[in-house]
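The values are calculated or read from the model by the stated rules, or taken from the named source; none is laboratory data. Here the structure is a predicted model, which means the values were calculated and not measured. Note: ideal-geometry Cβ built from the backbone for every residue, glycine included; neighbour counts use all protein chains shown.
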């Protein structure tokens, strides 16, 4: 009979098996725990995503409200400042929108025509997970652009024109030769009408030096083309109401001005005008002079610019065609010229430039105006005013917004060429009464 000796191998194998079983158990438990964690994280991420879109729903509701014409007003006027000013409930949760004044450390909304707000929109799913979106909202005005229009009326920008600042048109731009745009340009049209062989969908970088966006969303001029300008609700800002005559002269004299019916010879002198207020004229008005404060002239008919109208701090007696590029107006100097029909520049003589410092806004949407030229234009737009082969220039520091574009010159020979420069102060400090164009959203962040 054979006898087998136990040399311990069976015990070693058993121990190895037990160790393997233990390791596999630990690994299995780890995988189960990881799977559970992944499932929890996936559920949490899904809840955060749902909460994000609920918060977005609050933002979209606010954007829809502010996009309506009647809501172009400070948010206090439409009860949209406070906690829970907007809210909504759905099958997956709810959202709440809170809006507060943005003070910037100094009550910035109290005395400013540009209103700023901080908006938080919080979405909460039924499980309790919340996401808050924070962003800033501010009122934008028609003084945000050096040039804005709804209807270009087939009028061309041409060689010799220089436009410094952003441009926005709801219409197709007409380009003859090589005008220069030194700012971003937006057009709601899908093409540019170059008057030569250039591709109408291309960006001529010699012309559009800072870029061109075609197919842009239209700038909403809304009801301004049909409503009287008195409906802008100037309220306490109205300083002088001129209604007893069909036409008035106004001359600015630094910190004061004088006025008279155009048919009279006797001027009415004023004391220092109060900055931030408005002169309203039912009929035509003829303006010129030096403006030493913040004021707007509003006419239901045509404003005629009969001579230089510039800020009092400007180098009025030594004004070259590029001096606005090196000129910063004194604090508080800002002029608005708002017309229902047209703003017309009267020539000063053959080859003589005219200088304008103002934010211009014209609402007329029909050709039935006194001058036959709605928008911003010139009286002798079809006359040859050249001297030494050069047309005189309109040197404008400010902005121009017009529903229908007016004619300032024609064919490179008649009228004026354009030398327009944007006054960047207008974005944050427009003239009194400048209408809001839209609300602007910025500084988006997720908390």
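Assigned by TED's automatic domain parsing to the domain that holds residue 341, surrounded by 23 or more Cβ atoms within 10 Å (Cβ to Cβ), free of Cβ contacts under 8 Å to residues at least 60 places away in the same chain and under 25 Å from the mean Cα position of the chain (by Cα): does that describe residue 377?
Values: assigned by TED's automatic domain parsing to the domain that holds residue 341: yes; surrounded by 23 or more Cβ atoms within 10 Å (Cβ to Cβ): yes; free of Cβ contacts under 8 Å to residues at least 60 places away in the same chain: yes; under 25 Å from the mean Cα position of the chain (by Cα): yes.
Against the criterion (assigned by TED's automatic domain parsing to the domain that holds residue 341, surrounded by 23 or more Cβ atoms within 10 Å (Cβ to Cβ), free of Cβ contacts under 8 Å to residues at least 60 places away in the same chain and under 25 Å from the mean Cα position of the chain (by Cα)), residue 377 qualifies.
Of the candidates 339, 314, the single residue that is in contact with a strand residue (DSSP E or B) (Cβ under 8 Å, 6 or more places away or on another chain), at pLDDT below 90 and surrounded by 15 or more Cβ atoms within 10 Å (Cβ to Cβ) is 314.
Results for (1) out of contact with any helix residue (DSSP H, G or I) (no Cβ under 8 Å at 6 or more places or on another chain); (2) at pLDDT below 90, shown as yes or no for each residue.
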{"site": "233", "(1), (2)": "yes, yes"}
{"site": "274", "(1), (2)": "yes, yes"}
{"site": "283", "(1), (2)": "yes, yes"}
{"site": "298", "(1), (2)": "no, no"}
{"site": "303", "(1), (2)": "yes, no"}
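Search the range 265-281 for residues being touching a residue at least 12 places away in the same chain (Cβ under 8 Å) and over 31 Å from the mean Cα position of the chain (by Cα), and hand back the single one that is nearest to residue 112 (Cα to Cα). Filtering the range 265-281 for residues that are touching a residue at least 12 places away in the same chain (Cβ under 8 Å) and over 31 Å from the mean Cα position of the chain (by Cα), the one nearest to residue 112 (Cα to Cα) comes out as 272.
I'm trying to understand the selection: among the residues of the range 180-192, which are free of Cβ contacts under 8 Å to residues at least 60 places away in the same chain and either under 19 Å from residue 145 (Cβ atoms) or part of a strand (DSSP E or B) (or both)?
Going residue by residue through the range 180-192, those that are free of Cβ contacts under 8 Å to residues at least 60 places away in the same chain are 180-182, 184-192.
Within the range 180-192, 180, 181, 182, 184, 185, 186, 187, 188, 189, 192 qualify.
Against the list (1) touching a helix residue (DSSP H, G or I) at 6+ places or on another chain (Cβ under 9 Å); (2) surrounded by 21 or more Cβ atoms within 10 Å (Cβ to Cβ); (3) more than 21 Å from residue 436 (Cα to Cα), the condition residue 130 fails is (2). Within the range 406-415, the only residue that satisfies the criterion of being surrounded by fewer than 23 Cβ atoms within 10 Å (Cβ to Cβ), in contact with a strand residue (DSSP E or B) (Cβ under 8 Å, 6 or more places away or on another chain) and either at pLDDT 85 or above or assigned to a strand (DSSP E or B) (or both) is 407.
Among the residues of the range 64-78, those identified as under 17 Å from residue 114 (Cβ atoms) and assigned to a loop (DSSP other than H, G, I, E, B) are 72, 73, 74. Applying the set (1) farther than 30 Å from residue 433 by Cα; (2) buried (at least 23 other Cβ atoms within 10 Å of the Cβ) to residue 122 leaves exactly one unmet item: (2).
Residue count for the range 373-405 under the criterion of being modelled with pLDDT under 90, under 16 Å from residue 361 (Cα atoms) and in a loop (DSSP other than H, G, I, E, B): the result is 2. When the range 419-433 is filtered for residues that are surrounded by 24 or more Cβ atoms within 10 Å (Cβ to Cβ) and assigned to a loop (DSSP other than H, G, I, E, B), the ones remaining, listed by number, are 423, 430, 431, 433. Considering the range 91-107 alone, what residues qualify as being modelled with pLDDT under 85 and either at negative phi or outside the structural domain of residue 129 (by TED's automatic domain parsing) (or both)? 103, 106 - these are the residues of the range 91-107 that are modelled with pLDDT under 85 and either at negative phi or outside the structural domain of residue 129 (by TED's automatic domain parsing) (or both).
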